[in-house]
Structures are given as structure tokens and as C-alpha cells.
């Protein structure tokens, strides 16, 4: 006799950063329904379609269900089933000789967007193994905003959407389609219903832009100029918070002189946003007290990311919107284990000097290695050889800029191990593939370590397939084989207990609570100042010369040189149906978005003889791909917006699932990088199109 439906509270994960409180209905070890939890702290009952069908990720017939060892040449798609003991031993027996011959730093430990506690177990594994090289996509996601905030005002300024605000300025952020580290779109809509004004800065007319009081449709890649234009208006018209500026900022007089050159008229020529609209938006933002600036990770998609993020923090500061309820706040963690202790940072005290990226002079406090620098080390031995790679929650062959270089690097490595739920183009390049348990099949903690001042419970709901292990367990067992076993747990779930123990809780007691949030501490600068060298918000960086950084944000031209051979401007945008390159194999999601669509303005499509649904060749000087035309006026005539993350799970394993055909990163390059973070250009790339 089957059991009745049992409802379990949890939080969504591995769909963006997740965070939506969920009610999951379970019957006979199967998930039968998922809906939003009305008590969810971040979502108040909302959840997206992707979240509601997320259990389908667990039941696909082609899901990886046992460890695999490569049986043919690398990338041929030929595999041999092996046991867990063999898989772990094989991995250890390849990583340890690399360490012995080249040193521990010759192994890179790779991760994608942080998904849960396993992200920090991976950093722990690297640290205990002795490698300073955690390879992450943070150069284009999250870290530039976080680290720039730390250098400018001493913390990562998070939009406070929990408290009432008078205005929300979304800058390259579309929380109705994809959330930013738990900034769920429902909170934006709730604030609007309560009377908050909305300004949207976005090259595309999104659903959010259609709801906005003002929409500033800028040319992709010109965001730094627009932010400087806002600063110009607010300073020239004396709309800034004089008391805050006088008492709590450093370098204001230098900023005043510097931004005089960025008049609305000049910025209008650069961005295509009319000068009057720039003035109106800047005035609205300055007048609204408080106002929250919700910035998306698209601000991090060009070599000018440091200028962009610096200008936006300066904007928050001079308007008095830092550390106030409903503005941009310093989110304080609850009583939990600190990151340094969890990842055993003390075991590798020279990490900052020994990381691959240190050789390239990246900004201090960025503690992961940009993929561009990792591949340079693999292919050129600069600054030293790197020969091994362990990766999880990541698909570099598709997601890293300049996919051709990624392929060459992975082909040249001595050993690759990948932990995955499904065979991806990157997993297809591995020597060992570990099958993982996914969300709903393991106990986990969400939002640890991403600077939002909270952690979320993600209890196990159903059992995984017999031979699928949580990433945390895989690394705990591998760690015992490649490093001192006493630094690892007998049971990997002790990691969960470690995190919540300082709060006086067991993991199960934490699950009963659902989440832990740190204390709100507004305007703490009144007593303590800001955690910067000057004790103030550094509109002009006091350490600029020391670290060879720009003292003031600037706009130095488009991210890439204009080229008459490539007259159009290429950008990309995330889709609400997938997570970057994930889940193209989930049937309900694929039905919603069966093809990679490139958005083309009707005028442009007409000029090139392209009709809706045509196959279109998109070409840059770096490569070409094919996508399906979607004729729409949501983009400017000179701009096309292509799909990202595309590969074909139904394709041939021997060609790594046709990763070249429609993959946006065949069109990008790492030949030009932002100095501060190693960021490549992913927006404002000159391109051309033709009907296939």
C-alpha cells in the first residue's frame, strides 16, 4: 500500500543561486509536486517554472548512475564502468604523482557558480592538498562586485529588498527571469506594489523594463559611461547627500573634477540613452531616500568591470544609500562557522602569493583563479606548469570564454576528474567521471559564504540512485586519499554540523528553523567608520598606486575596437528556462525553449533577409556559430542578443555533444582581459550575421 503525500519544507538550489522556500510533495520516494512556500523568507510563496519542475532533473533515463573510467582516447565517448573504490583510487593515484613531480599547485580544483556547501568543501580540499588554485567563474560573476565593494566601502553592498524602499534601480539585473544570489523577483514586485518607483538599466526590453517608470536602453558594454553620467548630474546639480559626503567619503573633490567630462550629452552619444532621460533617472535616484541599487552580474562581463562596479558603489555612496534600510547594506552573518576555519585557510598561508593569477597582478582579495589564467598555465606553463584538474558543478567547455582554448587546454592535461549528474561536453573530456546526488537527494546548506548574511536549510527529501554520492561525500573520501585523513570527517554530514554548531544548533534543529539570518546593523559607520584604509568610503582609492589600480572610475571606450567588417554589436542574456549550460536534457524545459534563439531587431533582420525561425550564422573575428532567429524589437537595431550555454545532449558523445555548433563562447576571446579580475569581454563584441 503506497504512502500518502508527505510535504517537506526546503529551499530551491542549483537554479541560479536559488533561495526560494519550497514545499515538496513526496510519495513512495518520488517527488510528485513542488510549490512555493508562503513562509519563504526570500520569495513569500513565489517560485518559477524551472523550480516547479526541478525534480525532473533527478529522473532522466540517461542520468549518470555509476562511476566511469575513460576507455578510449580523450573525448571519444567510450567508457568503462568501475567501482567507487576504483574511481577514488584512480583519481588519487593520478593527482599524487602530479603533486610529487610538479608540486601541489600543478593541480587545479574547478567549480562553477556556488551551489551549496560543496563549494567550500572543494576549497578545503584544494587547501589541504596544498594547491592555491581554485578555478572559478568568479571573474565574470559576483566577485568583481564583492571585491570592489570591499576595496571601496569595506563590504559587499547588497540591495536591501526586505525593508521598505522608495526606489529600486536595477542595473543589468533581471530578477523576474534569473535571480542574483537570492534576490528574488517577488521582493521587487512587492516593493513596487507598496509604491516604490522602478528604474531599469538594460539593453533589452525585459518584462521588468516594461513595468519600469523609466527604462534606460543602453548599448551593451557602455554601463561605466552611464554610471559616470549619473554621477555628473547628481554632483553638478548638488543632489548628493552633503552630510554623508563631507563626513564619510574620501576623494570627493577629485571625483567632482573627474566626472565633469561625463556630461549627459557626451554619455548619450556613447550609450544611446537620451541626455534628458539620463538626467531624469539620476535625479529620481538621488531624490529617493532610501533607494536600492540592484546590480546584476552582467556588469561583470567586460574588461571594464572594475570601472563599472567602482562607479556604481560611488553612486550608492554619494546619495547616502549605503548601510541604510531599503538601500544597499552590509549583510552580517549569523553565528556560524567562519569561512576561513571551514576551508582550513591557515594550512596554506602563502596562497595569495602562489596562486596562478598572482603572477598576473590581479586585485587583492580575489582568491579564485580566472579561467583565462588557468588555461595559460596549462598550455604555456606560465607562471608554472599545471597538469591536473578536478571539477564539479561546472561545464568549462561551454561556459568559459574562448571555448577553443578550453578544448586545447583540456586535451593537453595529464588527468581530469569530473563530478556530474549528467554527461556534459566537459565530463566527456574526463578520465574519471563521478556520478553525483543532486538537490533533494542530500542534506545541504544554501547561501553559505556569498555575502548575504543568511544560510538556508536544504534537507534530503528522497534517496539518490544507489551509486550516486553527494559532492561533499566524494571530496571527503578523496581527501582521505590525497591528504592527511585526520583533516576529514568519518561522515561527510559532519560538515553540516560544523557550520551550525556556533549557533547552538544541530543540523536537524537548523532544518526545523528553516534559515538563519544575521543581525541588521544599519549605519554602523557612525561608530566605527568604514573598513577601508582611510576609514571612509573611498571614492578615490587611497591604495591605487600601491596595487596599480585606477584611483577613479573611468570610461575608456568600448570593450573591443569597432570594426567595419563586423558592424553589429553582440551580447547575450540568461534565460529563465535553463541555468547557464545546465538542464538542456530536462524535457519540460526543452519544450519551452527547444532551440538557441538569437534576438534580432526587425530592421536588421529585413536588411539581411532573415525571417523568424531561420537558421542564422553569427560570426565574430574569433569564430562562428548557428542559432535560430527570433525577430523582436526588444533590442536596438545595431544589437543582437544571442543565447548562451548551448550544447546538445541528444548529440554524438564522440564530438562532445556538438558543443561547437551553437555555443556563444565560440565567439568570445581571452586575448584581451581586464587587469583587476582577469575578466574577458562577453558583451559589446563586434559581429556580423547571415542567413545559413
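The values are calculated or read from the model by the stated rules, or taken from the named source; none is laboratory data. Everything numeric here is computed off the predicted structure, so don't read it as measured data. Heads up, the Cβs are rebuilt from the backbone with ideal geometry, glycines too, and the neighbour counts pull from every protein chain shown.
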Requested in this report: Would you be able to say whether some residue in segment 538-556 is farther than 27 Å from residue 672 by Cβ, loosely packed, with under 13 Cβ neighbours inside 10 Å and under 26 Å from the mean Cα position of the chain (by Cα)?
Outcome: no
Query - Counted residues, segment 43-71 - those being crowded, with 19+ Cβ neighbours inside 10 Å, touching a helix residue (DSSP H, G or I) at 6+ places or on another chain (Cβ under 7 Å) and over 30 Å from residue 416 (Cα atoms) - result: 3
Report task. Have a look at 626, 635 and point out the one that is over 23 Å from the mean Cα position of the chain (by Cα), more than 27 Å from residue 215 (Cα to Cα) and outside the structural domain of residue 52 (by TED's automatic domain parsing). Result -> 626
Query raised in the report: When segment 442-461 is examined, which residues are found to be surrounded by 20 or more Cβ atoms within 10 Å (Cβ to Cβ), in a loop (DSSP other than H, G, I, E, B) and at negative phi?
Result: 442, 443, 448, 450, 452, 459, 461
Query raised in the report: Restricting attention to segment 216-237, which residues are surrounded by fewer than 20 Cβ atoms within 10 Å (Cβ to Cβ) and outside any loop (DSSP other than H, G, I, E, B)?
Result: 236
Query - Criterion: in contact (Cβ under 8 Å) with a residue 24 or more places away in the chain, surrounded by 24 or more Cβ atoms within 10 Å (Cβ to Cβ), over 24 Å from the mean Cα position of the chain (by Cα) and part of a helix (DSSP H, G or I) - qualifying residue of 282, 311 - result: 282
Query raised in the report: Could you list, in sequence order, the residues of segment 658-669 that are in contact (Cβ under 8 Å) with a residue 12 or more places away in the chain and either part of a loop (DSSP other than H, G, I, E, B) or within 17 Å of the chain's Cα centre (by Cα) (or both)?
Result: 659, 660, 661, 662, 663, 664, 665, 667, 668, 669
Query raised in the report: Listed residues 683, 672; which is part of a loop (DSSP other than H, G, I, E, B), surrounded by fewer than 22 Cβ atoms within 10 Å (Cβ to Cβ) and either out of contact with any helix residue (DSSP H, G or I) (no Cβ under 6 Å at 6 or more places or on another chain) or not assigned by TED's automatic domain parsing to the domain that holds residue 304 (or both)?
Result: 672
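Of all residues in segment 379-403, count the ones that are in a helix (DSSP H, G or I) and either surrounded by fewer than 22 Cβ atoms within 10 Å (Cβ to Cβ) or without any contact (Cβ under 8 Å) to a residue 60 or more places away in the chain (or both). Walk me through it before giving the result.
Of segment 379-403, the ones in a helix (DSSP H, G or I) are 379-380, 396-399, 403.
Remaining after also requiring either surrounded by fewer than 22 Cβ atoms within 10 Å (Cβ to Cβ) or without any contact (Cβ under 8 Å) to a residue 60 or more places away in the chain (or both): 379-380.
Looking only at that region, the number is 2.
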Requested in this report: Test residue 490 against the stated conditions and say whether it is outside the structural domain of residue 582 (by TED's automatic domain parsing), assigned to a helix (DSSP H, G or I), free of Cβ contacts under 8 Å to residues at least 40 places away in the same chain and under 30 Å from residue 100 (Cα atoms).
Outcome: no
Query raised in the report: Restricting the search to segment 359-378, which residues are in contact (Cβ under 8 Å) with a residue 60 or more places away in the chain and more than 23 Å from residue 411 (Cα to Cα)?
Result: 360, 361, 362, 363, 364, 365, 366, 367
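Residues that are in contact (Cβ under 8 Å) with a residue 24 or more places away in the chain and closer than 30 Å to residue 310 by Cβ: which strands (runs of 3 or more DSSP E) entirely in segment 551-632 hold 3 or more of them? First the steps, then the outcome.
Working: elements: 568-572, 597-600, 615-620, 623-631.
In segment 551-632, the matching strands (runs of 3 or more DSSP E) lie at 568-572.
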Requested in this report: Could you figure out which of (1) surrounded by fewer than 15 Cβ atoms within 10 Å (Cβ to Cβ); (2) not in a loop (DSSP other than H, G, I, E, B) isn't true of residue 516?
Outcome: (1)
Requested in this report: Evaluate the following for residue 336: is it assigned to a loop (DSSP other than H, G, I, E, B), at pLDDT 95 or above and under 20 Å from the mean Cα position of the chain (by Cα)?
Outcome: no
Requested in this report: Please work out which residue is nearest to the chain's Cα centre (by Cα), limiting yourself to segment 238-271 and to residues that are buried (at least 17 other Cβ atoms within 10 Å of the Cβ) and within 15 Å of residue 218 (Cβ to Cβ).
Outcome: 271
Report task. Examine segment 417-428 for a residue that is surrounded by 24 or more Cβ atoms within 10 Å (Cβ to Cβ), at positive phi and not assigned by TED's automatic domain parsing to the domain that holds residue 43, and state whether such a residue exists. Result -> no
